[in-house]
Amino acid sequence: MATERTLCIIKPDAVEKKTGGAILALLETAGFSVVALEKTHLSKVVAEGFYAVHKDRPFFGELVTFMTRSPVIIAVLERDDAVAKYRGVMGATDPVKADAGTIRKLFGANVGENAVHGSDSLANAKNEIAYFFAANRVAPTA
Ligand code: ATP
Ligand code: MG
């Protein structure tokens, strides 16, 4: 399997509960390397741009309000097959439906406040990483 990078956002609910460190530790134990990391407070414009694909969904306003209410931690994760492996470790969007041991089962509250974001394809991972990290802030791939 090829080495890949994917984007993780530890969402406001998880940062507020001070579980950001536990989530990063779980990811490292699961074989991911953190190759870039930032704690920041998303503006409305940045959150709307990031989730633009969902702009016509009924929950869009609620999603933007949630993502901008307090700081997030944004991480670029690297390992073999990172996109699919991280989606597996994250668990289903709704924590109630997520498998035992997944981040969303352990740390998510509900379908909106579900602890983490993860890129859903390699192409989207590249775009999402570039959305938050200038190329000179991420170590070059080996
Ligand atoms: P993410 O993109 O955050 O990794 P995902 O890919 O599992 O999550 P998406 O369908 O892309 O799920 O939805 C993006 C986010 O929008 C969800 O993670 C959640 O925070 C929010 N969301 C999705 N469905 C709902 C819903 N029915 N009600 C409220 N919020 C929702
Ligand atoms: Mg998604």
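The values are calculated or read from the model by the stated rules, or taken from the named source; none is laboratory data. It should be emphasised that the depicted structure is a prediction, and the values quoted were computed from it without experimental measurement. Cβ atoms come from the backbone with ideal geometry, glycine included; neighbour counts cover every protein chain shown. Note: areas computed on protein heavy atoms with side chains; ligands, DNA, RNA excluded. Shrake-Rupley method; radii C 1.70, N 1.55, O 1.52, S 1.80 Å.
Translational diffusion of the chain was estimated from the Stokes-Einstein equation, with Rh taken as the Kirkwood radius over Cα pairs; at 25 °C and 0.890 mPa s the coefficient is 162 µm²/s. Structure remark: mean-square fluctuation, Gaussian network model of the chain, C-alpha springs under 10 Å; the largest value among H54, H41, H117 belongs to H54. Look at where the Cα atoms of segment 1-18 and of segment 53-123 average out, and the two centres are 8 Å apart. Residues within the reach of a label modelled at N110 (point 7 angstrom out along Cα to beta-carbon, backbone nitrogen below 19 Å), restricted to segment 1-19, are 11-17.
Among A98, A14, A52, the largest mean-square fluctuation in a Gaussian network model of the chain (Cα springs under 10 Å) belongs to A52. Residues considered: T29, T102, T19. Largest GNM mean-square fluctuation over the chain, using C-alpha springs under 10 Å, is found at T29. With all protein chains in place and a 1.4 Å probe, the accessible surface of segment 63-142 carries 56 percent carbon and sulfur. Given their separation in residues at 0.36 nm each and the Cα-Cα distance between them, Y131 and K18 gain 38.2 nm when the chain is fully extended. Label zone (V138, point 7 Å along Cα-to-C-beta; backbone nitrogen cut-off 17 Å) within segment 85-102: 85-87. Per residue, the chain exposes 51 Å² of accessible surface when a 1.4 Å probe is rolled over the protein heavy atoms with every protein chain present.
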